[in-house]
Structures are given as structure tokens and as C-alpha cells.
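Worksheet: one structure, shown below.
The values are calculated or read from the model by the stated rules, or taken from the named source; none is laboratory data. None of the values given here were measured: they were computed from a predicted structure. All Cβ positions, glycine included, derive from the backbone under ideal geometry; neighbour counts span all protein chains shown. What goes into the accessible areas is simple: the full protein's heavy atoms, side chains included, and nothing from ligands, DNA or RNA. Shrake-Rupley method; radii C 1.70, N 1.55, O 1.52, S 1.80 Å.
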Amino acid sequence: MKRIRFAALAVAAIVPLAPLPARAQAVDVQSSQQLMQEAAPLREQAKQGNGMASKILEKYPGHYTMLGYRGKDGQAELHEGVADFFVVLEGHATLLSGGKVLNPKPSGPGEVRGDAVQGGASRKLAKGDVVHIPANVPHQLLIPAGESFTYFIIKVDTPK
């Protein structure tokens, strides 16, 4: 009898008291082919602009997804309270992470940009690689000359 009561209490502790919003219960699936089709306008936008473009795909409670394209090196970045996950869809890049941001400047709420990452680790990235960058970690993507880089990004709010 004690086991049954304990099991009932354990189930009650993990079952939400209120139903999740409809959007939180939805399952989204996008193939890499679909994502690459959505990236085509980003490539054109980047060519007409500064060599980089991105767009938000979906917003969810506590996180959102984006699609990014780079035809040139990015600035050093640091996101306060937001972790980055991304999946490389196409191309190559070098990720610099850790160290410090040179000449940091606020670029928005909780966002810092700078000229470069100094003293960070260097990692080569290619199609299929999955990356996690914790909140508050400086990072920068360097794109080899004549190449481009397309990636799916998940921005996750982290507790402060």
C-alpha cells in the first residue's frame, strides 16, 4: 500500500497541473532540404548587404529558432543569458570560442559585439556538426575566403 501511495505522489509531482499552451505541444519538423530552400533568400540578401543574413523561424516558450547564412567572417559575439545551439547545414567555418571580446560594444539588450575573439579555442566546423555555446561565452565564426556557411540556430534562454 505504501508503494502505491508513493507512486501516485511521484506521478503527481511530474505531471503538469495545467495543460501546456497549444504551441508548446506542437511538433515542428523541417528537413535540411526545406531549411536550405529557406536559406536561398538569405544568400541573396547577404550578397546585397554586408555578407551575412539571418531570420527567425519560430518562437517558443524559452527559446526560438533561426536560420543563418554567412559569406564572410562574423563579429565577435557574447549573449548574456542566452545559449546558442547550431547545426551546420552547408559549408565550412572556424569557430573561435572562449577568451575575450576585443573592443566590446553593446548591440542590444544582453548582446555584446566586438572586433574579434582573443585567446579563445579554435575549432573547424563542417556540414552536420552540432555546436553548443553556453551563455556569456565569447564566440566568432570565421569563413574561409570564397566559401559560405549556412546553419540552423536554436537560441535558449538560460537562468541568470
Answer with yes or no whether Ser31 is more than 12 Å from Thr150 (Cα to Cα), free of Cβ contacts under 8 Å to residues at least 12 places away in the same chain, open to solvent by less than 60 Å² (accessible area, probe 1.4 Å) and more than 15 Å from the chain's Cα centre (by Cα). yes
Enumeration of residues in the stretch 92-107 that are more than 17 Å from the chain's Cα centre (by Cα) and open to solvent by less than 30 Å² (accessible area, probe 1.4 Å): Val101
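Conditions tested, residue by residue: (1) over 12 Å from the mean Cα position of the chain (by Cα); (2) not small (Gly, Ala, Ser).
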residue	(1), (2)
Ala46	yes, no
Met52	yes, yes
His63	no, yes
Tyr69	yes, yes
Gly74	yes, no
Hits in the stretch 108-144 (condition: open to solvent by 60 Å² or more (accessible area, probe 1.4 Å) and assigned to a strand (DSSP E or B)): Arg113, Gln118, Ser122, Arg123, Lys124, Val130, His132
For the stretch 76-113, which residues satisfy the criterion of being among the polar types (S, T, N, Q) and under 25 Å from Gly128 (Cβ atoms)? Thr94, Ser97
Tabulated pairs, the stretch 63-82, first closer than 24 Å to Gln48 by Cβ, second outside any strand (DSSP E or B) and among the basic types (Lys, Arg), C-beta under 8 angstrom, 6+ apart or interchain: Tyr69/Arg43; Gly71/Arg43; Gly71/Lys47
